[in-house]
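Please treat every number below as a calculation from the coordinates, not as lab data. Keep in mind it's a predicted model, so treat the numbers as computed, not measured. Cβ: placed from backbone, ideal geometry, glycine included. Neighbour counts: every protein chain shown.
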Amino acid sequence: MRTAKYQLGDLVRHRIFPFRGVIFDVDPEFANTEEWYEAIPEDIRPSKDQPFYHLLAENSEGTYTAYVSEQNLLPDDSGEPIPHPDIDSFFVGMEGGRYVPRSEHAH
């Protein structure tokens, strides 16, 4: 099992599709439904034995949550905040170009 390349609070963008997001959870390997996996076009279907990331995501249509394989993510260096309505549930704010998870924040 590999170590996840990205951490909670990291800003990322999708390698193929035009969306970006912030990581709010990480699965060490694929942990979604077989139905979800089979819905991905075979020519771009990722391997299951890699970290998968839960994102609070945004694109030109709006905000949503996404589940993305590590191989399909790139760092998002824009420094632009993600205008997702659930941001405050997971993060206390931005610091140094990434979001600070509530779990890391000293109460």
### Summary
Cβ pairs under 6 Å, 6+ apart or interchain, first in the range 20-36 and under 23 Å from Ser60 (Cβ atoms), second hydroxyl-bearing (Ser, Thr, Tyr) and assigned to a loop (DSSP other than H, G, I, E, B), ordered by first then second residue, are Ile23/Tyr6
### Query
Just a yes or no: is a residue in the range 38-54 within 24 Å of Val92 (Cβ to Cβ) and not in a loop (DSSP other than H, G, I, E, B)?
yes
### Message
Return the residues of the range 60-103 that are over 19 Å from Arg15 (Cα atoms), in contact with a Lys or Arg (Cβ under 8 Å, 6 or more places away or on another chain) and assigned to a strand (DSSP E or B); say none if nothing qualifies.
### Response
Phe91, Val92
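Residues in the range 1-19 that are of a type outside the set (Phe, Trp, Tyr) and either closer than 12 Å to Asn59 by Cα or touching a strand residue (DSSP E or B) at 6+ places or on another chain (Cβ under 6 Å) (or both): how many? Spell out how you get there, then give the answer.
Going residue by residue through the range 1-19, those that are of a type outside the set (Phe, Trp, Tyr) are 1-5, 7-16, 18.
Adding the requirement that they be either closer than 12 Å to Asn59 by Cα or touching a strand residue (DSSP E or B) at 6+ places or on another chain (Cβ under 6 Å) (or both) leaves 4, 8-15, 18.
Count: 10.
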### Query
What pairs come up if the first residue lies in the range 42-58 and is under 13 Å from Asn72 (Cα atoms), the second is assigned to a loop (DSSP other than H, G, I, E, B) and of a type in the set (A, V, I, L, M, F, W, C), and their beta carbons are under 7 Å apart, counting only those six or more places apart or on different chains?
Ile44/Ile16; Lys48/Phe30; Pro51/Ala4; Phe52/Phe30; Phe52/Ala31
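Filter the range 75-107 down to the residues that are among the aliphatic types (A, V, I, L, M) and surrounded by 12 or more Cβ atoms within 10 Å (Cβ to Cβ) and list them by number.
Step one: filter the range 75-107 for residues among the aliphatic types (A, V, I, L, M), giving 82, 87, 92, 94, 100, 106.
Once the filter is applied, which keeps residues that are among the aliphatic types (A, V, I, L, M) and surrounded by 12 or more Cβ atoms within 10 Å (Cβ to Cβ), the range 75-107 yields Ile82, Ile87, Val92, Met94, Val100.
For Tyr67, indicate whether it is surrounded by 13 or more Cβ atoms within 10 Å (Cβ to Cβ), under 26 Å from Glu35 (Cβ atoms) and touching a residue at least 40 places away in the same chain (Cβ under 8 Å). Quick ask: steps written out before the conclusion?
Numbers: surrounded by 13 or more Cβ atoms within 10 Å (Cβ to Cβ): yes; under 26 Å from Glu35 (Cβ atoms): yes; touching a residue at least 40 places away in the same chain (Cβ under 8 Å): no.
Judged against the criteria, Tyr67 is not a match.
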### Task
Please find, among Ala66, Ala57, the residue that is touching a Ser or Thr at 6+ places or on another chain (Cβ under 8 Å) and of a type in the set (Gly, Ala, Ser).
Ala57
